[in-house]
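Reading through the structure tokens given below for one structure.
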Amino acid sequence: MTTAPKLSRIHHVAYRCRDAAQTVEWYARVLGMEYVTAFAEDKVPSTGEDDPYMHVFLDAGGGNVLAFFELPNQPEMGRDPATPAWVQHLAFEVADEAALMAAKAHIEAQGIDVLGPTYHGIFRSIYFFDPNGHRLELACNIGTPAQHAELKALAPQMLEEWSRTRRAPRQAAWLHTEPKP
């Protein structure tokens with residue numbers, strides 16, 4: 001029997017972009033990410049295909065790297081029309097609610113529409129789109145250790161119920177009721 005690998009972190013996540021230079025500039029200006037490196041090839045190393053690309057890498061903090069491919073010879077990029085726009089997104093963590101609200105003000109000052117903050121029980125978040133149409137989320141944790149422990153304990157039961165009924169289980173319904181100040 002083999003053993004599953006022990007993962008240490010995400011090395012990078014990669015998405016497609018329309019324009020590598022525009023994407024690097026936008027992520028630096030809007031989210032403060034540092035542009036750290038790029039790879040460019042005329043042949044795809046993993047497949048040998050002739051398909052020039054620019055692959056840019058941005059420091060997303062905490063050892064996380066966000067990467068983008070510009071593919072000039074491929075059809076124009078799009079998104080999965082069968083998946084709602086709110087489903088596929090990248091979520092980044094900020095320190096606290098003050099940082100979340102400061103980020104919202106900064107992003108809106110860039111002329112970008114921002115949705116939220118939205119209450120999710122154990123975190124609050126805001127949502128917006130990058131110039132490539134990728135939905136982004138900034139989130140700050142607000143949950144207590146007891147809330148996280150409860151959710152972890154309930155997770156198997158909730159998944160089993162969902163698999164059986166395809167309806168939202170109610171064991172953690174408290175996540176959707178924002179406490180009154």
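The values are calculated or read from the model by the stated rules, or taken from the named source; none is laboratory data. Note that the structure is a prediction, hence the values are computed from the model and not measured. No Cβ is skipped: glycine too gets one built from the backbone with ideal geometry, and neighbour counts run over all protein chains shown.
Just one of 161, 178, 150 is in contact with a strand residue (DSSP E or B) (Cβ under 6 Å, 6 or more places away or on another chain) and over 17 Å from residue 92 (Cβ atoms); which is it?
Every option except 178 fails the conditions.
Within the range 135-181, track down each residue that is among the β-branched types (Val, Ile, Thr), in a loop (DSSP other than H, G, I, E, B) and at pLDDT 95 or above.
Residues satisfying the conditions are 142, 144.
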